[in-house]
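Right, one structure below, let's go through it.
The values are calculated or read from the model by the stated rules, or taken from the named source; none is laboratory data. Computed from a prediction, not measured in an experiment: that's the story for all the values here. Don't worry about glycine lacking a Cβ; one is built from the backbone with ideal geometry, like all the others, and counts go over all protein chains shown. To get the accessible areas, we keep the full protein, side chains included, count just its heavy atoms, and leave off ligands, DNA and RNA. Shrake-Rupley method; radii C 1.70, N 1.55, O 1.52, S 1.80 Å.
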Amino acid sequence: MVKGISAKSVPIPTVWLVLVAPFLALGLWYLLTSSPYSTRELILLATAFVASTLAALFYLRSHFLQSKHRPVQRIPVPVDEPPARPAWQWGSIGHRARDSERHAADLMEIRLLAALDVMPHGLAFYNAEQRLVMCNASFQAMLGLPPEWVKPGTPWARHRQILDDWTQPVLLDGTPAAALQLPDKRWIQWLEHRVPRPYTLVLITDVTELVRQETQHREKALAEKSALLQMTVDHLGQGLSVFDKDLNIVVWNNRFFELLGIPNDLKQRPTTFEEMVRFNAYRGEYGPGDVEQQVAERLALAHHPVPHHFERLRSNGTALEIRGNPLPDGGFVTVYADITERKRLEEQLRLAATVLDTTSEGIAITDAFHRIESVNPAFMRLTGYPEAQLAGRRPFFFNNEHFSRAQFRALRRTLITTEAWRGEIRGRRKNGEAFVAWLSLASIKNANGAIVRYVGVFHDITLHKEDQERIWRQANFDLLTNLPNRYLFMDRLLQAEAQANRMGQRFALLFLDLDGFKAVNDTYGHAAGDSLLQTMGQRLYRCIRASDTLARLAGDEFTALLLNLNAPEQAVRVAEKFLRAMNRPVVLDSGTATVSGSIGIAIYPQHANDVETLLRQADAAMYKAKRQGKNRFHLAAGPAEGELSGQPFKAQ
């Protein structure tokens, strides 16, 4: 059999270089610039090489097919041996060369077509009208096409309709690819490549093994992630449960079952939301009531989940905080936290806050630098300042007049060394009123032992101090004249003796007795007599120094203690002041009264070496002044000196 061979030939190396070189250059550039490569990229690269080669071959085939229809001289030549030509014919050598080239091209076409049929990849060419030009056997076998569907001229739409009926999964790196699953569960990859003229080259590759490996890799990675997620969930301190849209539990941890007290038989098999709700309802977790109604109410809420947050006290005393949110695809996730300890602490804090608000002691909490952070109502009542005016201030601002910087530094040193301080403080309220408080300070340390706060408890003892003061005055002062009484006077006399002995000083003791006081009582009454005694006490007190003492012993008897005397004459001058003060008339409600006084003077240690003797000397001197005519003073005499008597004092 013979085939017609065109006289025109095309240099094969030139066509190969023009068509394939760009693809080879592109592949080399991709190899050098892209690293590392995924499996998908390697397949695409190999496909590009195959497509480039086939494009060049198809171009050659088209060229030779078209040349057969040209009006050229065709010479029948046997396939096996070339025709013999007479050596003498002109041009025989040129014709023989052209026939050999045409014969070689036909042989190459036959071999290429045979190679395409045995390729594992499916190949098909479509012309510009989207009709089939040719395809190989693998293309027909992979798609399962009947013979009439692979004839030249078959429209592209018929083949595409089959592919459109199959699904396109996500393969390899997660991006959509032209990969299709055949009815026999095999996977193919469909690539379209535009070649000159224009023609469309379709390349089909069987990627079933690649998809299987990729699927196994994804499943392994998913299993590892699931195991890691489950381990993470199991180590959470909170309980976690996830129910799908059908209310089946799909994710949970052991803490979830522990907090809810779910038995093991429910743990070891798939559990529905209804089963868990019914179990809780039967054991009274939702309180008294109809079990079926409780289950129905919770199922209705679960079918239409919304974000929720509430607390629930279990029957065993465990307090749970429950937070839940719906999932986008239906179902919901719920987190359970054991807040029993937190509720206990909150109750303690609430109780402590109640105690702070109701206690009568003022409490102030400061930072490490003694700045007030918070106070209770009692502290605000104690100082008269609202909390807004106390925040950030030091707690001793209200007693600056009684608390010096040196005292404050000593207090801080005590706090640092002993971590506590107690003492009495005095201050003034916002309205200027004075108060006295007993303060107890304590330091609060953190886990590292550093002082972070101080707590001060102020107990208002103003009334207590006033009661003490009143009792002390009643015991030591005369209620009528408000002058020291006999008890306090004797105490101060003993102190004066000790000081005089220690310092080598002298002091004088004066006894005073009013002359004519009984007549005032008898004439104007006891009320008038009391008023006269009060007036005399005030007059006599103004005659002495602040360091001296004037006391009322009883009735109309007064005593004076003059400290640190340089000479007896100082006592005489004070006695004269006393006489002038007592001689002035006293205006009473019922009239005017005039009295005088008799004064006895004894000086320590000149007239006595002890207090008892000094008292007797002063008393004896006073009576001598009375015997001498009253309204005068008399100075006691010692063992070696004479007595000194004053003359009667005339009222001015």
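Values computed for the structure shown
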quantity	calculated
Spacing of the two label points (7 Å from each Cα toward its C-beta) at residue 587 and residue 134, in nm	15.1 nm
Residue order for 278, 552, 616 - accessible surface, 1.4 angstrom probe, largest first	616, 278, 552
Residues residue 355 and residue 404, FRET efficiency given R0 of 51 Å [Cβ-Cβ distance, rounded to 0.05]	0.90
Accessible area in the full protein assembly, largest first, 1.4 Å probe, for 119, 108	108, 119
Probe 1.4 Å, accessible area per residue of region 491-601, Å²	45 Å²
Of all accessible heavy-atom area on region 538-602, the percent that carbon and sulfur account for (1.4 Å)	47 percent
Linear extension gain, residue 480 paired with residue 227, 0.36 nm per residue minus alpha-carbon span	81.4 nm
Probe 1.4 Å - accessible area at residue 438, Å² to nearest ten	110 Å²
Where GluC sites (Glu not before Pro) fall in DSSP loop in region 364-456, at most 13 other Cβ within 10 Å	401, 433
Listed residue pairs exceeding 23 Å between alpha carbons, taken from 430/465; 245/343; 220/267; 518/624; 577/626	245/343; 220/267
Solvent-accessible area, 1.4 Å probe, carbon plus sulfur percent, for region 419-478	51 percent
Pairwise label distance in nanometres, residue 329 with residue 107, each label 7 Å out on the Cα-Cβ vector	6.3 nm
Mean Cβ neighbour count within 10 Å, used as a protection proxy, ranking 473-484, 527-538 highest first	527-538, 473-484
Aspartates and glutamates with Cα under 19 Å of residue 445, excluding same-chain neighbours fewer than 8 positions away	367, 373, 419
Residue-normalised accessible area of region 187-306, expressed per residue, 1.4 Å probe, Å²	59 Å²
Heavy-atom accessible area order for 492, 194, largest first, 1.4 Å probe	194, 492
Spacing of the two label points (7 Å from each Cα toward its C-beta) at residue 569 and residue 369, in nm	6.5 nm
Semi-axes of the equivalent ellipsoid for region 299-373, Cα gyration tensor, largest first, Å	41, 16, 10
